[in-house]
1. Please give me the summed charge of the neighbours of Phe126: other residues whose Cβ is under 15 Å from its Cβ, Lys and Arg +1, Asp and Glu -1.
2. Work out, step by step, the length gained on full extension between Val403 and Arg274: first 0.36 nm times the residue separation, then minus their alpha carbon distance; give nm to one decimal.
3. For Val321 and Ser248 in the same chain, what is the full-extension length gain: residue separation times 0.36 nm, less their Cα-Cα distance, in nm?
4. Taking R0 as 51 Å, what FRET efficiency do you get between Val414 and Lys360 from their Cβ-Cβ distance, rounded to the nearest 0.05?
5. Over the chain, with every protein chain in place, what whole percent of the accessible area is carbon and sulfur at 1.4 Å, could you tell me?
6. Could you provide, to the nearest whole Å², the per residue accessible area of the chain with probe 1.4 Å?
7. Take the Cα atoms of the stretch 288-346, find their three principal axes, and give me the spread along each one in whole Å, biggest first.
8. Hey, what number do you get for the chain at 222 nm if only DSSP H runs of n ≥ 4 count, each worth -39500 (n - 2.57), divided across all residues, to the nearest 500?
Amino acid sequence: MNKTAFSMPPNLNPDQASPDWMNKGDNAWQLTAATLVGLQSIPGLLILYGGSVKKKWAVNSAFMVLYAFACVILCWAAWGYRFSFGDKMIPFWGKPNFALDGHYLMEQTFLGKFPNATMVYFQGVFAAITLVLIAGALLGRMNFYAWMLFVPLWLTFSYTITAFSIWCPDGFLAKMGIIDYSGGYVIHLSSGVAGFTAAYWVGPRLTQDRQRFPPNNILLMLFGAGLLWIGWTGFNGGDPYVVSVDASLAVINTHICTAASLLTWLLLDIVFFRKPSVIGAVQGMITGLVCITPAAGVVQGWAAVIMGLCSGSIPWFTMMVIHKRSEMFQKVDDTMAVLHTHAIAGSLGGILSGIFAVPKLNRLFYGTSGHYIGLFYGLATKRTHDGFRQIGVQLIGVVFVVVLNIVSTSIICVVVQIFMPLRMSEEEMEIGDEAAHGEEAYAIWGDEEEKLDPKYELAKSKAGGQMEMV
């Protein structure tokens, strides 16, 4: 009997450009997901920040985002990636090395059926958005030259340590079994704590800016918020590193939790302030996105709803009640409230992951069930010890990230301060973009009359003299 040899369609045959270990579908989705995450920063957060601040700070705020993205991508490929995902040097840091060699970039990555080049890109846009989120706490007064130095230092001496500890298989928290599906700890808790700490060291905006800081363009802000929300499809959907049912679950859970959170925040605003606030709705959207991130692909849809209710109410309470009554919180000028929208929402998501994580879904994502089990399922299946252990590991992760970022960010700010002031001068802050960059976002009728004011000219001349000295 004649046997016909099986042959692959020509487009699926492995060759030098498509080796047999590479899955074309996985690689295509990973590149797409990475691009969606990149769009969250450029132009998403760029125009969200640019529209959220006073007109005089629109250029500076957007430029802080643009610079951070470019700087991180270069530093990430040069040394950041191997610090975060390279061979183990110590329990919380990889060996320093480049990720620029063509041979290395075309080899299979440590997880997933695609090349290192794809993973470097994917993780690079995650690192970049973390620095962009930190910028949100510092808008309206940080010296741009200090920001230029802060970005590579924080990436190197804070982000890479957290990423290796939690996401790299050799990291000590990863070995303990921490659940951080897509960056609730690595990105959001880190950026929230680091942003708040940096805001303390930089100092506040001008008093009149703190008292009245209206958005210059709410529609532009909403456009950026929309890109941020939809881009989260790649943020959470790309983290299984494979086109799978788990990726699909992560995506739908992301949108369910975000919608529930936005609506919860909106209802609280209506009940207590008698007005539906667009800015409040955006805050609720962000807290929902952040809260679901550590749990996206390891919880059920009903748990995503509960997480949305929590992320729309608990950060609302800390921001609207505790913050306004706390003298300590009032002293620190956190422009975009990243402490509440990212640090508190991120840690909340991490803890809720330890409650609602499903063993089967953890097995799909991590490849093993191991100790990965939420407390809810631990109690239901008589694995109570494992359930409480998971909560303990999640809490250890929170403490580690908080302490690391307070210490590392403080040290970095002190070092930068040796070379240049962290905060702009009073005169520069009076003027804003034109003093910092010599450029303005809008040319609006009536601006020229304002600039003829002797006070404006005096402030501008003082700011110009200080810029020459720098």
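The values are calculated or read from the model by the stated rules, or taken from the named source; none is laboratory data. As the structure is a prediction and not an experimental result, all values here were calculated from the model. Heads up, the Cβs are rebuilt from the backbone with ideal geometry, glycines too, and the neighbour counts pull from every protein chain shown. What goes into the accessible areas is simple: the full protein's heavy atoms, side chains included, and nothing from ligands, DNA or RNA. Shrake-Rupley method; radii C 1.70, N 1.55, O 1.52, S 1.80 Å.
1. Residues near Phe126 contribute -2 overall.
2. 42.6 nm
3. Details: separation 73, 0.36 × 73 = 26.28 nm, distance 3.67 nm.
Here the segment from Val321 to Ser248 would lengthen by 22.6 nm.
4. Numbers: r = 48 Å, r/R0 = 0.93.
Rounded to the nearest 0.05, the efficiency is 0.60.
5. Heavy-atom surface of the chain belonging to carbon and sulfur, 1.4 Å probe: 67 percent.
6. Working: 20100 Å² over 470 residues.
About 43 Å² of surface per residue is accessible.
7. Cα extents, longest axis first: 40, 16, 13 Å.
8. After summing the helix terms and dividing by residue count, I get -19500 deg cm²/dmol.
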